[in-house]
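Peer 1: Structure below; questions to follow.
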Amino acid sequence: MEFVNVTINDKLLSVPKGITILAAAVSGGIRIPTLCTIKMLNPRANCGICVVEVEGGRTYKPACVTRVSEGMVVRTDTPALRKSRKTTLELLLSRHAVDCHHCLRIGSSKCEDLDPKFCEMCFFCDCVRDGFCELQTLAREYKVDALPYEMEPYKYEIDSSTGSIVRNPNKCIKCRRCSDICNSVQTVHALNVINRGSEIMVTTEGQKRHADSSCVQCGRCVQSCPTGALFFKEHIDALLYNTHNYDITTIAQISSGVLEELSTLFKFGSSELDIRIVAAGLRKIGVDYVLTDDFASAKAINAAASALADKIKRDKKSPIIITDSYAAAKFMKHNFADFSELLLNYASPQQEFGKYAKTVFAAEKQLVTKNIRTISIVSDNENAAEAVENGSVDFVVNARELYRIFLRTGVNPKRIHPSELDSFGSIENSYVQFGKLFAPVTWEVGNNTEKLDLYIGNTNVKAAVAKNLGQVRELLTEVKNGISPYNVVRINA
Ligand code: SF4
Ligand code: SF4
Ligand code: FES
């Protein structure tokens, strides 16, 4: 690989030829603010925040798309650049619905007066991203405390038609992260960019309601949105009503995947938040039983493993497509409807939890089923979509929502003692021979499917595990074309 020398903020760096200034800066530990770039996807320079000065250049250059060259000298944080970024932020904010704490203060106070802690607890703001919005963070950093431009009126309706994903175009800054994820990675093409100039908009094809679009509710666009333009529907009031009601028994299951995000939100540094502290916090707000997802996951996998072993023995059709992902199954139904005979759709840990809590556990504890409310605390949105669709649990809460619930109810995980979790019992793991086939999958950009070579009984099984919907499309297209080398294909969204 060929390297070039560049100087960024007086720091001499040797970096691979052809990378962007942004990538070079990151490799040298130099921060350049960004709003539209997503790691691993081709940058498009939509937001204008990452501008830098390149010696000899007549204009500022967007660091996310400008390639380094030998001897290049770059400055990333001069007073002129800060002014330019501030103007960009003022323009973005003047076209952005004003209902976070920072926005409320614009024009009447200085943003350094804001105590971020108070801001995060604010009851006046109704933006779910208040306190962790990338636009708000930059507005604070660049001291945008008055807007010289006229505010645009809110002109778009909020779309909550899916019951899980909410779209508020009034808060959209047109960064296009969502449409890039939906189109380039997930290959769903539910989101498009329409119009030009000040009328530009990111919306569904034909501007349909989200529920009527081709969206499969994987939730990946929501995770990428830097503002409150896309978010998961919250149920804070309804949830607290139930936990505070003595006639209702609430049972919560915490998925271990949520702990890392919660640790970051509560600023636990590198040490991960102890699940027993989260359990103590949940008990403080009135949740009656708190469990890990170990039992439900093992139960779900045991059932899936035995169904798969059976299908391999009985069924001559190949490959067998397996999934517990609501969004992946929906994607397959939309795009590869002919494959329904190949599909083994097994219950997710959330479904197993909801069912077990209201049947076996309810009987053991002599609880009245109709008075039980189940709460699934997870990091993936497709769980919320699944619950809306088939009622697997009563509430799905993600890390951010739990964070907001704890702030509002005064639960400080740094000040409470851990409390032991409840249990549904222990369960034997009977799926060792399936190796990583049923292991939790982390979604990622790219096309590296996981390949597995297994022995199930005496049968050699070649399997592939997809980590995003683009990979699902690729694997299922191979099946369609009769060239799939796999006996089992696991699809995830
Ligand atoms: S939820 Fe998934 S399929 Fe739906 S718009 Fe977002 S990225 Fe696309
Ligand atoms: S909805 Fe969010 S991610 Fe999509 S373009 Fe708007 S601000 Fe960006
Ligand atoms: S990050 Fe470069 S223009 Fe948005």
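The values are calculated or read from the model by the stated rules, or taken from the named source; none is laboratory data. Being a predicted model, the structure only gives us computed values, none of them experimental. Glycine also receives a Cβ, built like all others from the backbone with ideal geometry; neighbour counts cover every protein chain displayed. Ligands, DNA and RNA are stripped out before the accessible areas are found, and what is left, the full protein with its side chains, is counted by its heavy atoms. Shrake-Rupley method; radii C 1.70, N 1.55, O 1.52, S 1.80 Å.
Peer 1: Just to be sure, is K317 closer than 20 Å to V465 by Cα and among the basic types (K, R)?
Peer 2: Spelling it out, K317 is indeed closer than 20 Å to V465 by Cα and among the basic types (K, R).
Peer 1: While we're on this one: Taking the options S160, S164, S213, name whichever one is more than 27 Å from Q136 (Cβ to Cβ) and polar (S, T, N, Q).
Peer 2: S213
Peer 1: Just one of R167, R220, R196, R177 is outside the structural domain of A399 (by TED's automatic domain parsing), away from ligand 2 (no atom under 11 Å from the Cβ) and out of contact with any Lys or Arg (no Cβ under 7 Å at 6 or more places or on another chain); which is it?
Peer 2: Every option except R196 fails the conditions.
Peer 1: How many residues does the range 460-473 hold that are open to solvent by 30 Å² or more (accessible area, probe 1.4 Å) and either in a loop (DSSP other than H, G, I, E, B) or over 14 Å from P319 (Cα atoms) (or both)?
Peer 2: Here the count works out to 2.
Peer 1: Determine whether the range 58-74 contains at least one residue that is in a loop (DSSP other than H, G, I, E, B) and not assigned by TED's automatic domain parsing to the domain that holds P16.
Peer 2: The answer is no; no qualifying residue exists.
Peer 1: Got at least one residue in the range 298-315 being in the same structural domain as N460 (by TED's automatic domain parsing), over 27 Å from S426 (Cα atoms), modelled with pLDDT under 95 and outside any helix (DSSP H, G or I)?
Peer 2: yes
Peer 1: Being of a type in the set (D, E, K, R), within 16 Å of ligand 1 (Cβ to nearest atom) and either on the phi < 0 side of the Ramachandran plot or in contact with a Cys (Cβ under 7 Å, 6 or more places away or on another chain) (or both) is true for just one of K299, K316, K330. Which residue is that?
Peer 2: None of the other options fit; the residue is K330.
Peer 1: Now for a separate question. Of all residues in the range 141-164, which are within 15 Å of ligand 2 (Cβ to nearest atom) and either in contact with a Phe, Trp or Tyr (Cβ under 6 Å, 6 or more places away or on another chain) or without any contact (Cβ under 8 Å) to a residue 60 or more places away in the chain (or both)?
Peer 2: Across the range 141-164, the qualifying residues are E152, Y154, K155, Y156, E157, I158, D159.
Peer 1: What number of residues within the range 316-352 are modelled with pLDDT of 95 or more, open to solvent by 30 Å² or more (accessible area, probe 1.4 Å), in a helix (DSSP H, G or I) and among the charged types (D, E, K, R)?
Peer 2: Matching residues across the range 316-352 total 2.
Peer 1: Determine which member of the set A363, A384, A399 is among the aliphatic types (A, V, I, L, M) and without any contact (Cβ under 8 Å) to a residue 24 or more places away in the chain.
Peer 2: A363
Peer 1: For the range 114-143, which positions are modelled with pLDDT of 80 or more and either over 21 Å from C225 (Cα atoms) or exposed (fewer than 15 other Cβ atoms within 10 Å of the Cβ) (or both)?
Peer 2: E141, K143
Peer 1: Can we say P148 is more than 17 Å from the chain's Cα centre (by Cα) and at pLDDT 90 or above?
Peer 2: Spelling it out, it is not the case that P148 is more than 17 Å from the chain's Cα centre (by Cα) and at pLDDT 90 or above.
Peer 1: A further question follows. Just give me the residues in the range 199-214 being more than 13 Å from ligand 2 (Cβ to nearest atom) and of a type outside the set (D, E, K, R), in sequence order.
Peer 2: G206, Q207, A211, S213, S214
Peer 1: Go through V65, V51, V73 for me and flag whichever is buried (at least 21 other Cβ atoms within 10 Å of the Cβ), modelled with pLDDT of 95 or more and not charged (D, E, K, R).
Peer 2: So the residue among V65, V51, V73 that is buried (at least 21 other Cβ atoms within 10 Å of the Cβ), modelled with pLDDT of 95 or more and not charged (D, E, K, R) is V51.
Peer 1: Among the numbered criteria (1) at pLDDT 95 or above; (2) open to solvent by 10 Å² or more (accessible area, probe 1.4 Å), which single criterion is violated by V397?
Peer 2: (2)
Peer 1: Could I ask something else about it? Could you say which residue among L437, L402, L476, L454 is under 26 Å from A357 (Cα atoms), modelled with pLDDT of 90 or more and surrounded by 14 or more Cβ atoms within 10 Å (Cβ to Cβ)?
Peer 2: On inspection, the qualifying residue turns out to be L402.
Peer 1: Answer yes or no as to whether C36 is within 24 Å of the chain's Cα centre (by Cα), open to solvent by less than 20 Å² (accessible area, probe 1.4 Å) and either under 22 Å from V222 (Cα atoms) or basic (K, R) (or both).
Peer 2: Yes.
Peer 1: Give A229, A252, A190 a once-over and let me know the one that is closer than 28 Å to Y289 by Cα and in contact (Cβ under 8 Å) with a residue 12 or more places away in the chain.
Peer 2: It is A252.
Peer 1: Next question, about the same structure. Looking at E386, is it within 17 Å of A252 (Cα to Cα) and either loosely packed, with under 14 Cβ neighbours inside 10 Å or in the same structural domain as Q253 (by TED's automatic domain parsing) (or both)?
Peer 2: Details: within 17 Å of A252 (Cα to Cα): yes; either loosely packed, with under 14 Cβ neighbours inside 10 Å or in the same structural domain as Q253 (by TED's automatic domain parsing) (or both): yes.
Yes.
Peer 1: Filter the range 138-185 down to the residues that are within 16 Å of ligand 1 (Cβ to nearest atom) and on the phi > 0 side of the Ramachandran plot and list them by number.
Peer 2: G163, K174, R176
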